[in-house]
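Reviewing the structure listed below.
The values are calculated or read from the model by the stated rules, or taken from the named source; none is laboratory data. Note that the coordinates shown come from a computational prediction; the quantities given were computed from them, not determined experimentally. Positions of Cβ are generated from backbone atoms using ideal geometry, with glycine treated the same way; all protein chains shown enter the neighbour counts.
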Amino acid sequence: MKLFILIALCLFSLVASAQIIDTDRPDQTESSAVLPVGRIQVEAGIGFSTQNQTQAIERTWTVPTQLYRINLLRGVELRLQTQVLSSRTFDEDYLTRFDDIQIGTKIQLLQREESATQIAVMGHLVVPTASRSLFADRDWGSLARVLISHDLDKGWSIGYNLGYQHFHGSDLQGIYTLALAYGWNDKLTLYIEPYGEVGEADTSFHRINAGWTYKTSDRGQLDFSFGTGFNEESNFASFGYSFCVDK
């Protein structure tokens, strides 16, 4: 009987101390929350997009995109992002290739229980591992963002990112995102988000997307998003699933 009580108390302690999954998917605004120590998290999804490029419609499947996150040190997480792209123009056959790998970190700057604001910074190194037939003009690259979020009243929250991305031999691009989210209940969250990149006139784009996340458990989450371009003919949608394991 004593052993049963001890096991029950241990299980209750694990559940009570468990933290609900918090993902960077599916919006473009990276979360300002860093994983708790000992957590490994996988965020994966598939996406489809169409884009009109000089009267040629390009269709692209992302099958899949994967973000691996792990935290071994309080306030600091390591990140690895990969994805496979399958695209075609007109009625040509789909051509499938690996995209460049991204390796990075996210560091917590502000996270206090008495504060409704969280601040973090994130940086990624883009390693040119993709086929050069896919990104013939792309070399080593880097991107960095400041990540800020505020919890508002009655289930509302707002998050935004400001940063840049740069590839060797190309102009620097500014990045902005602004996500407004509403927690419908403990499981379902809805959001809408304008975002874009600002650089040379012919490389800037501005888009908007919306979607939802649904927590299947404290350790799992489904998501869906869709969007369109403001200054370009593009449409996209994605569906994903994320899960985490605490060591």
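Being surrounded by 14 or more Cβ atoms within 10 Å (Cβ to Cβ) and at pLDDT 95 or above is a description that applies to L143.
Within segment 146-165, can one find any residue that is surrounded by 15 or more Cβ atoms within 10 Å (Cβ to Cβ), β-branched (V, I, T), at pLDDT 95 or above and farther than 28 Å from D100 by Cβ? Checked segment 146-165: at least one residue is surrounded by 15 or more Cβ atoms within 10 Å (Cβ to Cβ), β-branched (V, I, T), at pLDDT 95 or above and farther than 28 Å from D100 by Cβ.
Restricting E92, E114 to those that are modelled with pLDDT under 85, exposed (fewer than 15 other Cβ atoms within 10 Å of the Cβ) and closer than 30 Å to D153 by Cβ reduces the list to E114. Considered as a group, the residues in segment 166-201 that are of a type in the set (A, V, I, L, M) and closer than 20 Å to N231 by Cα include one that is surrounded by the fewest Cβ atoms within 10 Å (Cβ to Cβ), and that residue is A201.
Checking each residue in segment 174-201 for being assigned to a loop (DSSP other than H, G, I, E, B) and farther than 22 Å from V126 by Cα picks out W184, N185, D186, K187, A201. One residue alone among V121, V84, V76, V127 is farther than 22 Å from Y176 by Cβ and at pLDDT 95 or above, and that residue is V76. Of the residues in segment 28-48, none is outside any loop (DSSP other than H, G, I, E, B), touching a residue at least 12 places away in the same chain (Cβ under 8 Å) and hydroxyl-bearing (S, T, Y). R59 passes every criterion in (1) touching a Phe, Trp or Tyr at 6+ places or on another chain (Cβ under 8 Å); (2) within 26 Å of G104 (Cα to Cα) apart from (2). Return the residue satisfying two criteria in turn: it lies in segment 202-247 and is part of a strand (DSSP E or B) and among the acidic types (D, E), and of such residues it is surrounded by the fewest Cβ atoms within 10 Å (Cβ to Cβ). Ranking the candidates gives D246 first. Reported count of residues in segment 22-48, each being aliphatic (A, V, I, L, M), over 10 Å from the mean Cα position of the chain (by Cα) and surrounded by fewer than 20 Cβ atoms within 10 Å (Cβ to Cβ), is 5.
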